[in-house]
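Following: one structure in structure tokens, then a few remarks.
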Amino acid sequence: MGSRNVVVFEDFFPAMVEKLGAEGFMKELSNGFQLLVDGDKGVITFESLKRNSALLGLKEMSDEEVVCMLREGDLDGDGALNEMEFCTLMLRLSPELMNNSRNLL
């Protein structure tokens, strides 16, 4: 049998919240948004995510995977992620934080 490349996502967000507190964690999410944002448009676009994917350790992401990531978080249907959509998506990726999301608000 051939081997498959499998990406395993380990949820570090709960530990980050514990260490940084809710306010500090939200600031870190905001910093993450700033790393990926298109400076001219003020949102994360396909181009900015593709260009900055290496920062996430996702250098080999296909265009289809980038589009899927954007669609997953794009709540207003504009094809890009604003800061609130990005933060919401990040929280949704953490099941434990979603269960305790009232504590963050």
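The values are calculated or read from the model by the stated rules, or taken from the named source; none is laboratory data. A quick note: this is a predicted structure, and the numbers were derived from the prediction, not measured. Cβ sites come from the backbone with ideal geometry, for glycine too, and all protein chains shown count toward neighbours. Areas reflect the complete protein model, heavy atoms only, side chains present, ligands, DNA and RNA absent. Shrake-Rupley method; radii C 1.70, N 1.55, O 1.52, S 1.80 Å.
Tabulated values for the structure
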| read-out | value |
| --- | --- |
| Qualifying residues in the stretch 60-78 (those that are over 20 Å from N31 (Cα atoms) and assigned to a loop (DSSP other than H, G, I, E, B)) - the one least open to solvent (accessible area, probe 1.4 Å) | M61 |
| Residue count, the stretch 12-59 (criterion: open to solvent by 50 Å² or more (accessible area, probe 1.4 Å) and part of a loop (DSSP other than H, G, I, E, B)) | 7 |
| The stretch 36-51 - residue that is over 11 Å from the mean Cα position of the chain (by Cα) and aliphatic (A, V, I, L, M) and, of those, modelled with the lowest pLDDT | V37 |
| Neighbours by Cβ (under 9 Å, 6+ apart or cross-chain): first from the stretch 23-43, over 15 Å from L89 (Cα atoms) and in contact (Cβ under 8 Å) with a residue 12 or more places away in the chain; second open to solvent by 80 Å² or more (accessible area, probe 1.4 Å) and among the aliphatic types (A, V, I, L, M) | L35/L55; L35/L56 |
